[in-house]
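Have a look at the structure below before the remarks.
The values are calculated or read from the model by the stated rules, or taken from the named source; none is laboratory data. These numbers were taken from a predicted model, which means no experiment stands behind them. We place every Cβ from the backbone using ideal geometry, glycine too, and count neighbours over all the protein chains shown.
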Amino acid sequence: MIVSPSLLSANFGNLANDIKMINDSEANWLHLDVMDGVFVPNISFGFPVIKYIQQLSTKPLDVHLMIIEPDKFTNEVRDCGAEYMTVHYEACKHLNRTIQHIKEAGMKAGVSLNPATPVCMLDDIINEVDLILLMSVNPGFGGQKFIPGTLSKVKQLRSLIERTGSKAIIEVDGGVNDITGVELARAGADALVAGNYVFKSPDPIKAIAKLHAI
């Protein structure tokens, strides 16, 4: 299983230490949630912080924009060294154009769906994206309880990918732990974003390894 620890749950008073822990772990990516206080009711961090993180991290950056008008910041995300740039379906007026711009900037394109947005909304773009991020909580805050209906959405998405021949990776974010992680893997998920489960664990490296082994 691909594991992408969410830095939103890290200790921002000692960020370098937490990034080193991730570097030393079996994590595959480093998940960065950018929030604007408009699309979601919270504000996280911006591009100067991401540039600092990129200098310290040995893992590919998995940047998730929980913001309105994400197209305005494609170049900034690229300049921060992101491998994946994920935008919300609900935040993009012209999603095909947004995906095209992300790829033209040299990044892999991801699209995220909120819990209430059905998988069928991806029918027309599933072959254009590299990653689909299903939110298993309502976005904006860490530590929320996993929404069980996400398992059905993962199965639907896996069916769509297989039917269309898409190469998109299925990633899930929200309430992920060693129990929900196993359920998501059985449903067809490829990648798990984990925040509190990793950073609140007495042994974060072991927690990451447990998810990676699923």
Legend entry - Residue satisfying all of: in the stretch 4-18; outside any loop (DSSP other than H, G, I, E, B) and more than 17 Å from the chain's Cα centre (by Cα); surrounded by the most Cβ atoms within 10 Å (Cβ to Cβ) among these: Asp18
Inset, instruction - Considering only residues that are part of a helix (DSSP H, G or I) and charged (D, E, K, R), look in the stretch 183-214 and name the one that is surrounded by the most Cβ atoms within 10 Å (Cβ to Cβ). - result: Lys210
Legend entry - Members of the stretch 126-159 that are part of a loop (DSSP other than H, G, I, E, B), out of contact with any Phe, Trp or Tyr (no Cβ under 9 Å at 6 or more places or on another chain) and of a type in the set (Val, Ile, Thr): Ile126, Val129, Ile147
Legend entry - Some residue of the stretch 77-98 being among the β-branched types (Val, Ile, Thr), touching an Asp or Glu at 6+ places or on another chain (Cβ under 8 Å) and over 25 Å from Ala194 (Cα atoms): yes
Legend entry - Any hit, the stretch 31-45, residues being part of a helix (DSSP H, G or I) and in contact with a Gly (Cβ under 6 Å, 6 or more places away or on another chain): no
Legend entry - Answer from Asp62, Asp130 - the residue that is closer than 25 Å to Ala27 by Cβ, surrounded by 15 or more Cβ atoms within 10 Å (Cβ to Cβ), touching a Leu at 6+ places or on another chain (Cβ under 9 Å) and modelled with pLDDT of 95 or more: Asp62
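Let's see how each residue does on (1) closer than 24 Å to Met66 by Cβ; (2) touching a helix residue (DSSP H, G or I) at 6+ places or on another chain (Cβ under 8 Å):
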site	(1), (2)
Leu113	yes, yes
Asp123	yes, yes
Val129	yes, yes
Glu162	no, no
Glu183	no, yes
Inset, instruction - Being in contact (Cβ under 8 Å) with a residue 24 or more places away in the chain, surrounded by fewer than 17 Cβ atoms within 10 Å (Cβ to Cβ) and in a helix (DSSP H, G or I) is the filter here, so list the residues in the stretch 160-182 that pass it. - result: Thr164, Asp178, Val182
Inset, instruction - Out of the residues in the stretch 66-88 that are touching a His at 6+ places or on another chain (Cβ under 7 Å) and within 24 Å of Asn28 (Cβ to Cβ), state the one that is surrounded by the most Cβ atoms within 10 Å (Cβ to Cβ). - result: Thr86
Inset, instruction - Kindly establish whether Val111 is surrounded by 18 or more Cβ atoms within 10 Å (Cβ to Cβ), touching a Phe, Trp or Tyr at 6+ places or on another chain (Cβ under 7 Å) and within 20 Å of Glu83 (Cα to Cα). - result: yes
Inset, instruction - Could you tell me which of the residues Ile53, Ile43, Ile2, Ile22 is in contact with a strand residue (DSSP E or B) (Cβ under 8 Å, 6 or more places away or on another chain) and under 27 Å from Lys93 (Cα atoms)? - result: Ile43
